[in-house]
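Below: the structure, in structure tokens.
The values are calculated or read from the model by the stated rules, or taken from the named source; none is laboratory data. Bear in mind that the values here come from a model prediction, so they are computed numbers and not experimental data. Neighbour counts are summed over all protein chains in view; Cβ atoms, including those assigned to glycine, are modelled from backbone coordinates with ideal geometry.
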Amino acid sequence: MFLPDLLRGKRILITGGGTGLGKSMGRRFLELGAGLVICGRRGAVLDEAAAELRAATGGTVATQVCDIRDAAAVDALIERAWADGPLDGLVNNAAGNFIARSETLSPRAVDAVLGIVLHGAAYVTLACGRRWIAAKRPATVLSIVTTYAWTGSAYVVPSAMAKAGVLAMTRSLAVEWGRAGIRLNAIAPGPFPTKGAWERLVPRPDLAAEFETRNALGRVGKHDELADLASYLMSDRSGYITGDCITIDGGEWLKGAGQFNFLDRLGADDWDAMKPKKG
Ligand code: HXC
Ligand code: NAP
């Protein structure tokens, strides 16, 4: 659906780009001409992903081991990434999450999720932003959030708090950095199967089945669908969009929200039987 050189010449850092949705977005960016830097905590996972992506696309993929909870490590990551030339884009994709009853969470459990999702995204975004501003270089940031950034959600409270914060960062910096030519947007995905998310969020088959179909379209998202949206938002073709969050969830959160949406379980006979009788 895109011109093959949509992202030609752009160097994009994807945090958590060695697995799941980060890897799928990276593959699409490479197909569209971008160069990639991917980071994560596990070097072997990054190396394997980079080899797979290079073989599939012929593109350039650099890897950087980094725990983005550590601000000094993030500065070193960005310094190393810039040593090969400036970045043009950043995707805040790395995340940590699990389901738990909130009253059982330890402080370390809360910190683990807030540290990755909220602090990590802030450290990486600010480290890139200050370089872009100093160099007067236009750039694009895309953050992967969730629809519960605005609805909230039971059983994933640290993640909901952190994603809400990332959305607030997106909207705030879109205004503060707009005149510097830096655009910031977000994507809120519904269920897109990945090993990382499914192992931690829907560890039982019955939970997974319900999670996968409780949306208007009755199916999970395809990685390509998300990767295409991300490519558009990272490209200059979306040059007038900033501070926004695009939902790609098959109508999941609206289905949960509408007061009478539960009536979709009724059949034609039920509706006929409920019609007021004439006369
Ligand atoms: C309760 C838990 C827990 C669980 C870990 N902890 N898992 N508590 N229930 N299931 C607690 C630990 O007991 C510990 O606290 C603290 O959290 C830190 O755990 P560690 O294992 O030491 O931390 P670490 O190795 O840093 O791992 C971070 C992690 C892990 C977040 C806990 O799951 C991880 O590495 N995740 C990265 C990948 C990921 O989460 N992907 C899914 C993203 S999906 P104590 O006090 O015992 O020491 C996503 C989708 C959103 O975000 C929307 C879906 C629609
Ligand atoms: P995933 O495969 O588990 O991806 C998470 C990535 O983050 C991993 O590559 C992980 O690599 C990296 N990461 C975690 N902690 C890190 C840290 N401290 N420092 C650096 N990297 C770290 O899960 P996913 O499903 O693809 O999720 C990707 C994004 O989509 C996340 O932001 C998630 O919240 C969002 N999302 C997913 C869904 C879905 O249905 N899948 C729905 C809504 C939103 P290491 O473990 O090697 O560090």
Exactly one of Ala134, Ala83, Ala73 is in contact with a Cys (Cβ under 8 Å, 6 or more places away or on another chain), surrounded by fewer than 19 Cβ atoms within 10 Å (Cβ to Cβ), without any contact (Cβ under 8 Å) to a residue 12 or more places away in the chain and farther than 21 Å from Arg28 by Cβ, and that one is Ala73
Only unsatisfied item for Asp47, checking (1) modelled with pLDDT under 95; (2) touching a Ser or Thr at 6+ places or on another chain (Cβ under 7 Å), is (1)
Of all residues in region 52-70 being part of a helix (DSSP H, G or I) and more than 16 Å from ligand 2 (Cβ to nearest atom), the one that is surrounded by the fewest Cβ atoms within 10 Å (Cβ to Cβ): Ala55
Expected output for region 28-46 (first residue farther than 14 Å from Arg8 by Cβ and part of a helix (DSSP H, G or I), partner modelled with pLDDT of 95 or more and small (Gly, Ala, Ser), Cβ below 9 Å, 6+ apart or cross-chain) is Val45/Gly18; Leu46/Gly17; Leu46/Gly18; Leu46/Gly40
Looking only at region 7-26, which residues are touching a helix residue (DSSP H, G or I) at 6+ places or on another chain (Cβ under 7 Å), away from ligand 1 (no atom under 16 Å from the Cβ) and outside any loop (DSSP other than H, G, I, E, B)? Ile12, Leu13, Gly26
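Condition check: among the small types (Gly, Ala, Ser), within 22 Å of the chain's Cα centre (by Cα), part of a helix (DSSP H, G or I) and farther than 18 Å from His223 by Cβ. Does Ala49 satisfy that? Before the answer, list the steps.
Values: among the small types (Gly, Ala, Ser): yes; within 22 Å of the chain's Cα centre (by Cα): yes; part of a helix (DSSP H, G or I): yes; farther than 18 Å from His223 by Cβ: no.
Here the answer is no, as Ala49 does not meet what is asked.
Report yes if some residue within region 217-240 is farther than 22 Å from Gly16 by Cα and touching a strand residue (DSSP E or B) at 6+ places or on another chain (Cβ under 8 Å); otherwise report no.
Yes, that holds for at least one residue.
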One residue is enough: does region 165-175 have a residue meeting the conditions assigned to a helix (DSSP H, G or I), closer than 23 Å to Gly18 by Cβ and of a type in the set (D, E, K, R)? no
In region 158-201, which residue that is within 11 Å of ligand 2 (Cβ to nearest atom) and either free of Cβ contacts under 8 Å to residues at least 12 places away in the same chain or touching a His at 6+ places or on another chain (Cβ under 7 Å) (or both) is nearest to Pro86 (Cα to Cα)? Phe192
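Here's a check for you: in region 103-157, which residue that is in a loop (DSSP other than H, G, I, E, B) and either modelled with pLDDT under 95 or of a type in the set (A, V, I, L, M, F, W, C) (or both) is nearest to ligand 2 (Cβ to nearest atom)?
Val145
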